[in-house]
Amino acid sequence: MKPDDADRVTRACLREIAPEANLDALTPEADLRQALRLDSLDFLQFVELLSERIHHRIDEDDYQELSTMAGVVAFVSSRNEH
Amino acid sequence: MGEFRMPSLGADMDAGVLLEWLVRPGDHVARGDMVAVVDTAKAAVEVESFETGVVDRLFVEPGTRVPVGAPLALITPAEVSPPDVSPVTSPLVRHLAVDRHVDLAAVRGTGVGGRITHADVESAAAPSPPAPAPARPRASPLARRLAAELGVDLSTLTGSGPGGTIGAEEVRRAARATQPAAPEPAGRAEAMRATIAALMARSNREIPHYHLAETVDLGTALAWLRDANRQLPVPRRILPAALLLKAAARAAVAVPELNGFWTGGRFVPGDAVHLGVAISLRDGGLVAPAIHSADRRTLPELMAALRDLATRARAGRLRRAELSAPTITVSNLGEQGVESFHGVIYPPQVALVGFGRITRRPWAVEDLIGLRPLVTVSLAGDHRASDGATGARYLTTVAHLLQQPEEL
């Protein structure tokens, strides 16, 4: 998946979980959970949604790659090869 | 007799606004059925009927502010009520049915003597395979679950996702749109803060608090959980929070002096462990609804209950019974990022349990120093109802339970 598409999918998922958050203010290196005030339940729902959208199971072991916007986009780009 | 009155939904409530009727004259209601949605200063709450019978007349129009105790409707007690819940259903199964939105009257019991079992309710709740004919609206599993919980008809929505898939946000928007006008967000947030402020001030004024804390090694528990989660599909993933809640609930069974209420100058023990869970709302408010009989739920059930409560809390769809039930409350599970805190008890409860953030720290493991995930468990206790020794027993029980996650 191209980084642009990965970015789009990621933002769409974040918007569903945190509809009132200002995603445009999010820098690539900002910690997602802190910036968007996601608690563990929110984050799990985000992972679940993303996992479903990219048709790839996301394990808890993958979480360390998913702390920033840049990290998630990189993860999604590399995992979804179509 | 037969009058459905505005219930008191909180210690400081003297009036509420009737938002919505969930029944009409002529409807059969059983004791426990949801009949109305009432707005308190804190949230929109679904309220159940205490009578079984037929709705005769509705006295009050939606949007009307009514004092606690004033009649809202007339329900004629019926001699022959609609198919009654089988008397041989255990409270735990009944709670499960409520959580899964299963009508027990429609379930056939496969247990001994026609008893409705856990499994019966689970299979009644499981979504049936899609029927071949009517086009099933394409929606993400999250959207589907939200739609079921919030009562949104997916066929009325147009999806904007790929292939016309309906997403969770569309469902949430639809749920909000169908809710009758409630005080606007700014007004409600203010009102909620005022109510919480009053409750906390009262708590500090009236309750002599003692505070204890204990650091617990979660290494074993989290490793066990990681393994368990590897076998589970993502939607069934269990959070550490569920483990902590289960331990808190089981410990309350072991130390019943902390599970109950201080009323009329004495301690009244709870009849079960209804664990209040503090949930932050995205507008900054806080509610603490109960998970009924939390000690008797399995870990997956507890996780599902937690998710369900959080979703409905944020959508303003909590039930009266959930808000008035807690016998002991667990506060913000380390989500706000601090390691420990001194909580303030919600009267008339007598204890508040807090779990801080799980952090990796050096710790003695055998005779070496290792890095372990640690959590600080804190307890605020009402000194009229218990003393430090009792509180200490509670915390060491929690610590002990968390060393054997497979038993939780």
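The values are calculated or read from the model by the stated rules, or taken from the named source; none is laboratory data. Nothing here was measured: the structure is a model prediction, and the numbers come from that model. Note that we place each Cβ from the backbone using ideal geometry, even for glycine, and neighbour counts take in every protein chain shown.
So how many residues does segment B:212-234 have that are within 11 Å of chain A (Cβ to nearest Cβ) and among the hydrophobic types (A, V, I, L, M, F, W, C)?
Qualifying residue count, segment B:212-234: 5.
Has segment A:5-18 got at least one residue that is buried (at least 20 other Cβ atoms within 10 Å of the Cβ), among the hydroxyl-bearing types (Ser, Thr, Tyr) and either within 11 Å of chain B (Cβ to nearest Cβ) or within 28 Å of B:ALA174 (Cβ to Cβ) (or both)?
Yes, the conditions are met somewhere in segment A:5-18.
Would you check which residues across segment B:235-281 are within 14 Å of chain A (Cβ to nearest Cβ) and part of a strand (DSSP E or B) and list them?
Once the filter is applied, which keeps residues that are within 14 Å of chain A (Cβ to nearest Cβ) and part of a strand (DSSP E or B), segment B:235-281 yields B:VAL277, B:ILE279, B:SER280.
Cβ contacts < 7 Å: first residue of a type in the set (Asp, Glu), restricted to segment B:386-408; second residue modelled with pLDDT of 95 or more, any location; separation 6+ or different chain. Result?
Short answer, once both residue conditions are applied: B:GLU406/B:TRP224.
Of these, B:ARG357, B:ARG372, which one is over 15 Å from B:TYR210 (Cβ atoms), out of contact with any Ser or Thr (no Cβ under 8 Å at 6 or more places or on another chain), of a type in the set (Lys, Arg) and in a strand (DSSP E or B)?
On inspection, the qualifying residue turns out to be B:ARG372.
At pLDDT 90 or above, outside any loop (DSSP other than H, G, I, E, B), polar (S, T, N, Q) and out of contact with any helix residue (DSSP H, G or I) (no Cβ under 7 Å at 6 or more places or on another chain): is that true of A:GLN45 in this structure?
Judged against the criteria, A:GLN45 is not a match.
Looking at segment B:333-343, is at least one residue over 24 Å from A:LEU38 (Cα atoms) and touching a strand residue (DSSP E or B) at 6+ places or on another chain (Cβ under 7 Å)?
no
Can B:ARG226 be described as part of a helix (DSSP H, G or I), modelled with pLDDT under 95 and more than 19 Å from the chain's Cα centre (by Cα)?
no
Residue check, A:PRO28 against (1) under 22 Å from B:GLN231 (Cα atoms); (2) more than 8 Å from every other protein chain (Cβ to nearest Cβ); (3) not in a helix (DSSP H, G or I), all met but one. Which one?
For A:PRO28, the exception is condition (1).
For B:PRO183, work out the one condition from (1) part of a helix (DSSP H, G or I); (2) away from chain A (no Cβ under 14 Å); (3) at pLDDT below 70 it doesn't fulfil.
(1)
Among the candidates A:SER78, A:SER51, single out the residue that is within 14 Å of another protein chain (Cβ to nearest Cβ), free of Cβ contacts under 8 Å to residues at least 40 places away in the same chain, small (Gly, Ala, Ser) and at negative phi.
Residue meeting the stated conditions: A:SER51.
What are the residues in segment B:297-315 that are facing chain A (nearest Cβ under 10 Å) and in contact (Cβ under 8 Å) with a residue 40 or more places away in the chain, if any?
Those that are facing chain A (nearest Cβ under 10 Å) and in contact (Cβ under 8 Å) with a residue 40 or more places away in the chain: B:MET303, B:LEU306, B:THR311.
Is it the case that some residue within segment B:320-339 is under 30 Å from B:MET34 (Cα atoms), modelled with pLDDT under 95 and surrounded by fewer than 17 Cβ atoms within 10 Å (Cβ to Cβ)?
yes
Restricted to segment A:54-81, and to residues that are among the β-branched types (Val, Ile, Thr) and more than 10 Å from the chain's Cα centre (by Cα), which residue is modelled with the lowest pLDDT?
Per the stated criteria, the residue is A:ILE54.
List, please: which pairs have Cβ atoms under 9 Å, are six or more places apart or on different chains, and start with a residue in segment B:208-227 that is on the phi < 0 side of the Ramachandran plot and aromatic (Phe, Trp, Tyr) and end with one that is assigned to a strand (DSSP E or B) and buried (at least 17 other Cβ atoms within 10 Å of the Cβ)?
Note: pairs meeting the criteria are B:TYR210/B:LEU379; B:TYR210/B:ALA380; B:TYR210/B:GLY381; B:TYR210/B:ASP382.
For A:ASP39, state whether it is under 25 Å from B:GLU335 (Cα atoms), at pLDDT below 90 and surrounded by 15 or more Cβ atoms within 10 Å (Cβ to Cβ).
It is true that A:ASP39 is under 25 Å from B:GLU335 (Cα atoms), at pLDDT below 90 and surrounded by 15 or more Cβ atoms within 10 Å (Cβ to Cβ).
From the list A:ARG37, A:ARG57, exactly one residue is in a loop (DSSP other than H, G, I, E, B), touching a residue at least 12 places away in the same chain (Cβ under 8 Å) and facing another protein chain (nearest Cβ under 9 Å). Which is it?
Residue meeting the stated conditions: A:ARG37.
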